[in-house]
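Encoded as C-alpha cells, the structure appears first; notes follow it.
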Amino acid sequence: MSDIIRVGLVGAGGIARSRHVPGLRAITGVEITGVVARSPASTRRAVDELAIPTAYGSWQDLVADPSIDAVVVATWPYLHAPVTIAALGAGRHVLCEGRMAMDAAEARAMLAASLARPDRVAMLVPGPFSFFADRTVQRLLRDGAIGTPRAFRATWAGAVAATGRDQWRRERRFSGNNIMTLGILYESVARWLGQATEVGAVLENFAPWQAGPDGASIPADIADHAIVTARFPGEVVGTFEVSAYAHFTPPNAVSIHGDEGSLLVDLGAQQVSLARPAASPPAPVEITAAERGTWRVEEAFVAAIRGLEPVTLNDFATGVAYMTFTDAVHASAASGRRIAL
C-alpha cells in the first residue's frame, strides 16, 4: 500500500456525510475515491454532492477494486455483515457502523473474518453518547467515589421518530434484533461496569406502524418501549428504560448508586454530578480537558491502519458482546425468563 490511504464508502447517508467524509478528509494522506449507495440515483447524488471521483454499480464492485485500501460500511445493519466479511476477505481495512450486525451470529461471523485477517484493521463506530464522560466516570468508580457500586438506572426517551425519517430503525428486516438506542446505551454502561452477566426484559410495540417516506403508514415490528433489568460484575443490578413515550427527568441519563454515594451522568447536558453521601444534593464534577473525550472515529481508524495506535473503541469483540446482550433481551422478552450471559 502507498502512503495514500484510499477509502471507499458503502452507504452515503447522514452519518457518512456529517462525520465520515469530513473526518477522513481532514486527515493528511487520506482520499475518498469511491462510493456506492442504495440506488444508482443516490450513488450519483453522492458523487456530485460529495465530490467523490468514482461511482460503483454495487458494493461488491467497490470491495473487489484493488485500488481501494479501506472500506467504510455506512449502511443499515442488514448489510453490515456481508459487506464487512467480503471486504476483509478482499484484504481491505474496515470501519463499520455501530449496531454491528443483525444479531450475535452475524457479529461472530464478522469477528471470525477479522481474526482471519490480523493484518487488516477491523473497527466499529462506537456509541458516542458518553464520550465526554467515560474517563471521568471510570476514574470515579475506580477511586471509590461512591463506595461499592450497587445499582444503576439508565434511561433514554423519545427514541422513535414518528415522522418517517430513518424508518429502517423500526423494521427488523433492516435492523435485525437492534432495539432503538438500547444497544448504544448499553455500550456506554458496559464501559463503566463491564459486560452484563444476566438479563431480563419486557418489550412492547404499542404502535406497530409508522409513517413511511411518502407519508403512508408502513409496518413497524421493532419495540417502541423496552424495560430491561440486568446484572453486572460485582453483583451490580439495574435497569435500562428506552421508550418512545416516557418523559424522564433528565431524559437521557445514567445514575449509578453505591453504598457511599451516587453518580449522575446526564448524557444530554453532558454533565456529571456526584452526591456523597447518597442523601446529599448532587454537586457538579469537573471533567478535565485531559479526560473529556470527543469524536475521533476517523482519526482513530486511520491511526490504526498506520500502526500508530490499537483499536480500542470499538473492536469487533466488543461488538459481539453488545449484540449478545441484545439477543438476550429478545430471548428474555419472548420466554419470560432471565437469560444468563
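The values are calculated or read from the model by the stated rules, or taken from the named source; none is laboratory data. Values in this document were obtained by computation on a predicted structure and should not be read as measured data. Note that we place each Cβ from the backbone using ideal geometry, even for glycine, and neighbour counts take in every protein chain shown.
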Test residue 238 against the stated conditions and say whether it is surrounded by 13 or more Cβ atoms within 10 Å (Cβ to Cβ), modelled with pLDDT of 95 or more and in a strand (DSSP E or B).
yes
Within the stretch 195-235, restricting attention to residues that are charged (D, E, K, R) and part of a loop (DSSP other than H, G, I, E, B), which residue is modelled with the lowest pLDDT?
214
Is one or more of the residues making up the stretch 103-117 over 30 Å from residue 79 (Cβ atoms) and in contact (Cβ under 8 Å) with a residue 40 or more places away in the chain?
no
Taking the condition surrounded by 12 or more Cβ atoms within 10 Å (Cβ to Cβ), of a type in the set (D, E, K, R), over 18 Å from residue 182 (Cβ atoms) and at pLDDT 95 or above, does residue 276 pass?
no
Count - residues of the stretch 1-42 that are touching a residue at least 24 places away in the same chain (Cβ under 8 Å), in a helix (DSSP H, G or I) and among the charged types (D, E, K, R):
2
So which of 81, 105 ends up being assigned to a helix (DSSP H, G or I), of a type in the set (A, V, I, L, M, F, W, C) and surrounded by fewer than 20 Cβ atoms within 10 Å (Cβ to Cβ)?
105
